[in-house]
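The values are calculated or read from the model by the stated rules, or taken from the named source; none is laboratory data. Computed from a predicted structure; not experimentally measured. Every residue, glycine among them, receives a Cβ derived from its backbone with ideal geometry; neighbour counts consider all protein chains shown.
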Amino acid sequence: MAEDNGEKKGAGLLDRIRQDVADLKEVVKEKGKDELESLKEPEKTQLFRSIFRVKHDETPRNRALSVLSNVFFHLHPAKVNRDAVKYKFTWGMGGITFYLFIVLTFTGVLLMFYYHPSKVQAFRDILYLENDVPFGKLLRNMHRWAAHLMIIAVWLHMFRVFLTGSYKRPREFNWCIGVLLMVLTLLLSFTGYLLPDDQLGFWAVTVGTNMARATPLLGTEGPFGALLGMTPYNDVRFALLGGSIVDANALLRAYIWHCIAIPLIASIFMALHFWRVRKDGGISGPAPVMLESEIKEEKGHRPVILRPSGVQ
Amino acid sequence: MRRRVIWGMIYGYLGINLLMFLRFFFPRALYEPNTVFNIGYPADFSLGIDQRYLMTNRVWIIREPDRIFVIFARCTHLGCTPEWKSSENKFKCPCHGSGYDSEGVNFEGPAPRPMDRARVDKDATGKLIVDTSRLYMDDPRAGVNQFNDPGAYLPV
């Protein structure tokens with residue numbers, strides 16, 4: 001009885017599969033034909049449409065897709081709470097800092113076309129940029145002022161985050177990344193100081209790296225430094241300068257840290273920073289809150305309840 | 001077990017690479033002025049402060065009636081090079097304003113101690129050899145005064 005039933009069922013299934021395969025064959029045949037036709041007429045391909053984008057309908061779905069499917073925007077949330085972007089809350093300082101970083105990267109790369117990081121030429125190149133290179137003075141001043149502004153914007157951003165309590169749960173990790181980014185910004189500023197190779201930068205770096213002598217353990221004049229065998233020729237200052245005095249090696253090292261290494265490290269941390277902003281509940285406003293009723297609906301699995309501080 | 005061995009090898013490899021990376025930042029050969037140099041005979045120096053070797057070797061040679069010593073021209077505050085102001089009879093640091101008297105002893109500004117003195121010796125021919133990699137300091141806070149040690153000055 002049971003066997004008989006199974007046999008019948010099996011037969012029915014087999015027939016259905018046969019029918020499906022036959023249908024599929026037809027479909028594939030037609031598709032193949034279409035493809036063959038399109039190959040004969042290459043101007044009818046999607047190639048140009050794929051390069052020169054077309055305007056899509058302004059539907060909410062398309063607007064969300066334009067963010068989600070774009071490599072440059074995909075870190076950004078597809079939708080932002082209307083209240084979260086109020087300048088009253090955000091001051092826009094994080095965005096301004098990022099904008100200034102882009103400006104600095106762009107003007108910095110342009111300046112690199114004329115600058116040689118060597119003792120003989122560095123200061124001459126600065127004079128050349130200032131006095132003879134077309135738009136050189138403008139570029140150099142843009143780089144300089146954007147650098148000053150970036151330091152100010154970073155501090156104001158940190159101040160705003162502190163005032164709105166945005167360093168609290170669940171944003172602690174992002175606060176730490178932010179502190180690291182602030183230190184990297186200061187290091188960028190410091191390493192850029194030496195590059196003109198003028199008196200101001202030279203003595204500023206002399207003073208700055210002399211402070212590194214007092215590093216605990218790693219500096220020759222720092223606590224426990226001498227005990228660990230640190231001398232002016234093997235301590236942390238020596239590694240920074242590539243020598244015991246601020247000279248050609250120090251200039252080249254400052255240049256490489258300034259133009260390549262620190263921007264690279266900072267970019268990685270920036271990507272992390274922006275990603276975490278989104279994951280931790282957006283650019284401003286309280287941390288995501290779950291209502292009691294929402295929690296009861298989901299049974300078996302207890303979500304983490306995130307409450308703004310002060311709410312029990 | 002096998003997985004742990006493989007991961008151990010990978011971490012070991014990366015660790016050794018990190019050490020190489022760190023060591024890479026400490027060059028062996030330096031193209032810097034030699035720290036040991038010859039400044040000639042004691043008789044070449046008249047009483048007072050001599051600036052001949054300031055630009056090349058960062059030192060002042062101080063000749064007193066009974067001795068000669070060498071001040072390493074580095075401010076003890078944050079390492080700038082002070083300037084000798086003969087009209088005011090003092091060394092003045094342009095960075096943060098530390099002042100030192102004609103023997104390099106601090107009396108104004110943020111400097112915590114007198115300027116260090118470099119080792120000075122006489123070689124077999126009677127010429128003076130200075131070594132700025134061997135400094136003698138007088139640090140009242142640490143209770144160390146090496147200015148009267150042999151090598152910190154040369155009786156003449």
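Out of A:Thr105, A:Thr90, which single residue is β-branched (Val, Ile, Thr) and at pLDDT 95 or above?
Values: A:Thr90 fails: at pLDDT 95 or above.
Of A:Thr105, A:Thr90, the one residue that is β-branched (Val, Ile, Thr) and at pLDDT 95 or above is A:Thr105.
Just the residues that are without any contact (Cβ under 8 Å) to a residue 40 or more places away in the chain and facing chain A (nearest Cβ under 9 Å), please, taken from region B:21-44.
From region B:21-44, those without any contact (Cβ under 8 Å) to a residue 40 or more places away in the chain are B:21-34, B:43-44; that's our starting set.
Hits for region B:21-44 are B:Leu22, B:Phe25, B:Phe26, B:Pro27, B:Leu30, B:Tyr31, B:Glu32, B:Pro33.
Restricting to region B:55-84, give me the number of residues that are in a helix (DSSP H, G or I) and buried (at least 19 other Cβ atoms within 10 Å of the Cβ).
1
Filter region A:272-290 for residues that are at pLDDT 75 or above and small (Gly, Ala, Ser); which is farthest from A:Trp91 (Cα to Cα)? Give the steps one after another, and end with the answer.
Quick first cut of region A:272-290, residues at pLDDT 75 or above only: A:272-283.
Okay, now just the ones that are also small (Gly, Ala, Ser), so A:281-282.
Values: A:Gly281: 18, A:Gly282: 15 Å.
Of everything passing the filter in region A:272-290, A:Gly281 is farthest from A:Trp91 (Cα to Cα).
Can you say whether A:Gly108 is at positive phi and surrounded by 12 or more Cβ atoms within 10 Å (Cβ to Cβ), as far as the supplied structure shows?
No: the conditions fail for A:Gly108.
Give me the residue from region A:240-255 that is in contact (Cβ under 8 Å) with a residue 12 or more places away in the chain and more than 18 Å from A:Gln199 (Cβ to Cβ) and, out of that set, nearest to the other protein chains (Cβ to nearest Cβ). Write out each step before concluding.
Going through region A:240-255, the residues in contact (Cβ under 8 Å) with a residue 12 or more places away in the chain turn out to be A:240-241, A:244, A:246-248, A:250-255.
Keeping just the survivors that are more than 18 Å from A:Gln199 (Cβ to Cβ) gives A:240, A:244, A:252-253, A:255.
Numbers: A:Leu240: 8, A:Ser244: 6, A:Leu252: 11, A:Arg253: 8, A:Tyr255: 15 Å.
Among them, the one singled out is A:Ser244.
Quick check on A:Leu195: is it within 29 Å of the chain's Cα centre (by Cα), touching a residue at least 40 places away in the same chain (Cβ under 8 Å), farther than 30 Å from A:Trp91 by Cβ and more than 13 Å from chain B (Cβ to nearest Cβ)?
Working: within 29 Å of the chain's Cα centre (by Cα): yes; touching a residue at least 40 places away in the same chain (Cβ under 8 Å): yes; farther than 30 Å from A:Trp91 by Cβ: yes; more than 13 Å from chain B (Cβ to nearest Cβ): yes.
So A:Leu195 passes the test.
Would you mind finding the one in A:Lys79, A:Lys137, A:Lys88 that is in contact with an Asp or Glu (Cβ under 6 Å, 6 or more places away or on another chain), surrounded by fewer than 16 Cβ atoms within 10 Å (Cβ to Cβ) and without any contact (Cβ under 8 Å) to a residue 40 or more places away in the chain? Let's see the steps before the verdict.
Details: A:Lys79 fails: in contact with an Asp or Glu (Cβ under 6 Å, 6 or more places away or on another chain); A:Lys88 fails: in contact with an Asp or Glu (Cβ under 6 Å, 6 or more places away or on another chain).
Within the list A:Lys79, A:Lys137, A:Lys88, the selection yields A:Lys137.
Across region A:51-80, which residue is modelled with the lowest pLDDT among those that are β-branched (Val, Ile, Thr) and over 23 Å from A:Ile283 (Cβ atoms)? Break it down stepwise before answering.
The initial filter retains those residues of region A:51-80 that are β-branched (Val, Ile, Thr), namely A:51, A:54, A:59, A:67, A:71, A:80.
After this cut, where a residue has to be over 23 Å from A:Ile283 (Cβ atoms) as well, the list is A:51, A:54, A:59.
On the way: A:Ile51: 77, A:Val54: 69, A:Thr59: 85.
Step by step, filter region A:51-80, then rank; the result is A:Val54.
Which residue, of A:Thr215, A:Thr220, A:Thr209, is surrounded by 14 or more Cβ atoms within 10 Å (Cβ to Cβ), among the hydroxyl-bearing types (Ser, Thr, Tyr) and more than 13 Å from chain B (Cβ to nearest Cβ)?
Answer to the check: A:Thr215.
Condition first: over 17 Å from B:Leu135 (Cβ atoms) and not in a loop (DSSP other than H, G, I, E, B). Now tell me which residues in region A:214-245 satisfy that.
Result: A:Val236, A:Ala239, A:Leu240, A:Leu241.
Would you be able to say whether some residue in region B:45-54 is hydroxyl-bearing (Ser, Thr, Tyr), farther than 20 Å from B:Pro155 by Cα and either within 14 Å of chain A (Cβ to nearest Cβ) or not in a loop (DSSP other than H, G, I, E, B) (or both)?
Checking region B:45-54: not a single residue is hydroxyl-bearing (Ser, Thr, Tyr), farther than 20 Å from B:Pro155 by Cα and either within 14 Å of chain A (Cβ to nearest Cβ) or not in a loop (DSSP other than H, G, I, E, B) (or both).
Within region B:92-113, work out how many residues are assigned to a loop (DSSP other than H, G, I, E, B) and buried (at least 22 other Cβ atoms within 10 Å of the Cβ). Please lay out each step first, then the result.
Going through region B:92-113, the residues assigned to a loop (DSSP other than H, G, I, E, B) turn out to be B:93-98, B:101-105, B:109-113.
Still in the list and also buried (at least 22 other Cβ atoms within 10 Å of the Cβ): B:93, B:98, B:104, B:111.
Total satisfying the criteria: 4.
Just the residues that are among the small types (Gly, Ala, Ser) and either farther than 16 Å from B:Ile62 by Cβ or not in a loop (DSSP other than H, G, I, E, B) (or both), please, taken from region B:134-153.
Taking region B:134-153 as the starting set, the residues that turn out to be among the small types (Gly, Ala, Ser) are B:142-143, B:151-152.
Hits for region B:134-153 are B:Ala142, B:Gly143.
Conditions (1) of a type in the set (S, T, N, Q); (2) out of contact with any Pro (no Cβ under 9 Å at 6 or more places or on another chain); (3) at pLDDT 95 or above; (4) closer than 30 Å to A:Phe238 by Cβ, marked per residue:
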| site | (1), (2), (3), (4) |
| --- | --- |
| A:Met142 | no, yes, yes, no |
| A:Ala147 | no, yes, yes, yes |
| A:Trp155 | no, yes, yes, no |
| A:Pro170 | no, no, no, no |
| A:Cys176 | no, yes, yes, yes |
| A:Met182 | no, yes, yes, yes |
| A:Thr206 | yes, yes, no, yes |
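Every residue, every condition in (1) in contact with a Pro (Cβ under 9 Å, 6 or more places away or on another chain); (2) away from chain A (no Cβ under 14 Å); (3) among the basic types (Lys, Arg), yes or no:
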position	(1), (2), (3)
B:Pro82	yes, no, no
B:Asn89	no, yes, no
B:Cys93	yes, no, no
B:Asn106	yes, yes, no
B:Arg113	yes, no, yes
B:Arg134	no, no, yes
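Within region B:54-73, track down each residue that is closer than 23 Å to B:Ala111 by Cα and touching a strand residue (DSSP E or B) at 6+ places or on another chain (Cβ under 9 Å).
Within region B:54-73, the subset closer than 23 Å to B:Ala111 by Cα is B:54-55, B:57-62, B:69-73.
Scanning region B:54-73 gives B:Leu54, B:Asn57, B:Arg58, B:Val59, B:Trp60, B:Ile61, B:Ile62, B:Phe69, B:Val70, B:Ile71, B:Phe72, B:Ala73.
Which one of these is in contact (Cβ under 8 Å) with a residue 24 or more places away in the chain, touching a Phe, Trp or Tyr at 6+ places or on another chain (Cβ under 6 Å) and under 21 Å from B:Gly48 (Cα atoms): B:Pro82, B:Pro114? Step through it out loud before you land on a result.
Values: B:Pro114 fails: touching a Phe, Trp or Tyr at 6+ places or on another chain (Cβ under 6 Å).
Only one candidate qualifies: B:Pro82.
For the subset of region B:114-133 comprising residues that are acidic (Asp, Glu) and outside any strand (DSSP E or B), which member is modelled with the lowest pLDDT?
That would be B:Asp123.
Would you tally the residues in region A:223-239 being of a type in the set (Phe, Trp, Tyr), more than 10 Å from chain B (Cβ to nearest Cβ) and buried (at least 17 other Cβ atoms within 10 Å of the Cβ)?
The first filter runs over region A:223-239 and keeps only residues of a type in the set (Phe, Trp, Tyr), leaving A:224, A:233, A:238.
If we keep only those that are more than 10 Å from chain B (Cβ to nearest Cβ) as well, we get A:224.
Among the residues that remain, those that are also buried (at least 17 other Cβ atoms within 10 Å of the Cβ) are: none.
Residues flagged as of a type in the set (Phe, Trp, Tyr), more than 10 Å from chain B (Cβ to nearest Cβ) and buried (at least 17 other Cβ atoms within 10 Å of the Cβ) within region A:223-239 amount to 0.
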